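Take a look at the structure below.
The values are calculated or read from the model by the stated rules, or taken from the named source; none is laboratory data. Just so you know, these numbers come straight off a predicted model, no measurement behind them. No Cβ is skipped: glycine too gets one built from the backbone with ideal geometry, and neighbour counts run over all protein chains shown. The accessibility values were calculated without ligands, DNA or RNA, using every heavy atom of the protein model including side chains. Shrake-Rupley method; radii C 1.70, N 1.55, O 1.52, S 1.80 Å.
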Amino acid sequence: MGVAENGKKEEGELPTIEEHLAHCGVGRWQMMIFAIVSLLVLSDGMEMTVISLLRQPLQQEWGLDDFTFSALGSTVFAGLLVGNLIGGYLADTFGRRNCLLGVSAVFCVFGLLSAVAPDVWVFAFARFFTGIGVGSMVPVSDSHLLEWSPSAWRARLAMALTGVAFAIGAAFACVVGVEISQYGGEEWWRWMLLICILPGLISLPLCWFFLPESPHYLLVHGRVEECEDLLRQLADANGVEPLANGKVAHMHSPIDSSAWDPWAIFGKELWATSIYATVAWVVCGFVYYGHIFIYPVLLEELYEMKVKEAYSTVLISVLVEITAVILAMILMDIEGIGRRGAMGIGFGLTALCAFLIPWSQDLNQFIILNSAIKGVIEGPFTVIYIYAGELFPTTHRGTAVAFCNSFGRVAAMMAPVVVMASFHADPLQVFSIFTVLSVLGLVTTLIFQRETLGQPLYMYTDEIELHAGVPLLGDKDKAG
């Protein structure tokens with residue numbers, strides 16, 4: 001790909017996309033993309049926070065018991081699962097931009113229906129399709145931003161997207177919830193759900209007019225002229241002269257959609273990576289969303305907190321979450337720690353905090369340790385989006401990330417029912433489940449060996465060295 005056998009670029013050869021991105025750096029172009037896709041991730045943060053905080057008003061509105069409410073919460077995660085499965089395929093087949101436009105529209109339409117639902121059945125139906133929209137938006141947004149980012153900035157931009165933007169959305173939901181619950185009347189929750197779709201509504205025209213397609217997607221699909229035109233626009237927006245007038249190296253034949261094989265993610269180069277990403281997302285999905293769901297319930301039942309107090313306490317955990325994401329952002333770019341090390345540290349600290357909670361002596365200790373769980377698990381939950389995006393090649397990135405993440409969505413779908421059943425058996429038993437799963441994540445991370453810090457994004461599966469594709473069984477010296 002424009003590189004001689006001695007590792008140096010031969011004179012006259014065209015630069016790669018990675019070289020174009022490194023030359024142009026981070027500027028107005030990436031900030032525009034970041035701002036647009038951040039609105040989509042903000043919506044995710046708001047939606048995932050608001051459902052657990054609507055327990056009392058929804059139970060009063062439709063006479064739901066705890067198990068029915070937990071099943072209702074699971075409908076959102078079922079939608080997230082479907083959204084993950086179809087979103088990656090759509091993004092790899094029809095493009096990142098077209099996919100984001102479509103799923104954003106789905107999110108807005110059914111988010112609006114949720115707010116005006118006349119009964120619990122319509123509400124469940126609307127929440128399912130809202131989940132489909134959210135489940136597609138986040139992984140595709142992450143892949144899209146990764147593919148426009150130079151390697152030196154990739155982690156920081158993507159972490160700010162999937163971690164900080166999500167947490168800000170959750171914090172905004174808490175702040176708005178406190179105010180609306182006091183002044184919005186008996187059906188304040190409907191106004192709350194309407195507010196949750198505002199970022200998505202704002203993003204739709206911005207996506208249509210300003211969001212560019214991914215250069216990686218265009219290149220692997222043979223749309224070279226469009227790719228080169230966007231690279232020239234990138235250089236102009238960031239105030240630099242384009243390399244080779246925007247011309248780009250391309251050594252492979254364009255992808256034939258009819259011959260494209262989604263099952264290559266289980267091929268010899270990628271099977272172990274797919275296993276690791278799946279385990280990581282299952283652990284993160286269950287612990288994070290299970291905690292989001294049960295924490296307000298624990299505060300209400302064990303400490304008799306009202307809705308306003310519960311919102312305020314959850315807001316504390318969101319602020320801790322933002323701090324943890326920033327720390328993970330720093331750790332994952334440190335040589336010797338990297339993406340893999342940041343994952344392991346996050347899983348280990350989550351296991352420790354969950355293990356200690358049953359021994360907490362008062363409300364303050366309970367809040368501190370629970371805030372730590374929600375904050376610390378967000379570290380690996382955010383890192384895995386960047387890590388997996390770097391591990392998989394462009395030809396299968398959307399599909400692989402969505403497929404592996406879909407198992408995390410299954411775990412998230414099961415979490416409300418499982419943690420509620422555990423709560424009724426023994427309220428503090430919930431944390432034993434969180435501890436065991438976090439230890440599983442830690443052990444799997446210790447076994448896995450591929451590191452992507454400082455590496456370029458692969459475009460094709462055959463660019464990945466074979467020994468890097470079987471890290472669960474490989475030799476550590478080779479994997480380094």
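Numbers below:
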{"item": "Search result, residues across the range 40-68 that are surrounded by fewer than 18 Cβ atoms within 10 Å (Cβ to Cβ) and among the hydroxyl-bearing types (Ser, Thr, Tyr)", "result": "68"}
{"item": "Among the candidates 161, 101, 85, 113, residue that is in a helix (DSSP H, G or I), at pLDDT below 90 and either surrounded by fewer than 24 Cβ atoms within 10 Å (Cβ to Cβ) or out of contact with any helix residue (DSSP H, G or I) (no Cβ under 9 Å at 6 or more places or on another chain) (or both)", "result": "85"}
{"item": "Residue 423 within 23 Å of the chain's Cα centre (by Cα), open to solvent by less than 60 Å² (accessible area, probe 1.4 Å), at pLDDT 80 or above and over 14 Å from residue 343 (Cβ atoms)", "result": "no"}
{"item": "Failed item in (1) buried (at least 24 other Cβ atoms within 10 Å of the Cβ); (2) at positive phi, with residue 394 passing the rest", "result": "(2)"}
{"item": "Filter result for the condition that a residue is at pLDDT 75 or above, of a type in the set (A, V, I, L, M, F, W, C), surrounded by 17 or more Cβ atoms within 10 Å (Cβ to Cβ) and more than 19 Å from the chain's Cα centre (by Cα), over 277, 324, 272", "result": "272"}
{"item": "Those helices (runs of 4 or more DSSP H) lying entirely in the range 347-455 with at least 2 residues out of contact with any helix residue (DSSP H, G or I) (no Cβ under 7 Å at 6 or more places or on another chain) and among the β-branched types (Val, Ile, Thr)", "result": "430-447"}
{"item": "Matching entry among 124, 78 (being open to solvent by 10 Å² or more (accessible area, probe 1.4 Å), closer than 30 Å to residue 187 by Cα and at pLDDT 90 or above)", "result": "124"}
{"item": "Qualifying positions in the range 198-216 - touching a Gly at 6+ places or on another chain (Cβ under 8 Å) and open to solvent by 10 Å² or more (accessible area, probe 1.4 Å)", "result": "199, 213"}
{"item": "Pairs, first within 14 Å of residue 81 (Cα to Cα) in the range 388-404, second of a type in the set (Phe, Trp, Tyr) and open to solvent by less than 10 Å² (accessible area, probe 1.4 Å), C-beta under 6 Å, six or more apart", "result": "400/392; 404/281"}
{"item": "Test result for residue 334, at pLDDT below 95 and in a helix (DSSP H, G or I)", "result": "no"}
{"item": "In the range 143-158, the residues that are in a helix (DSSP H, G or I) and either free of Cβ contacts under 8 Å to residues at least 24 places away in the same chain or touching a Pro at 6+ places or on another chain (Cβ under 8 Å) (or both)", "result": "147, 151"}
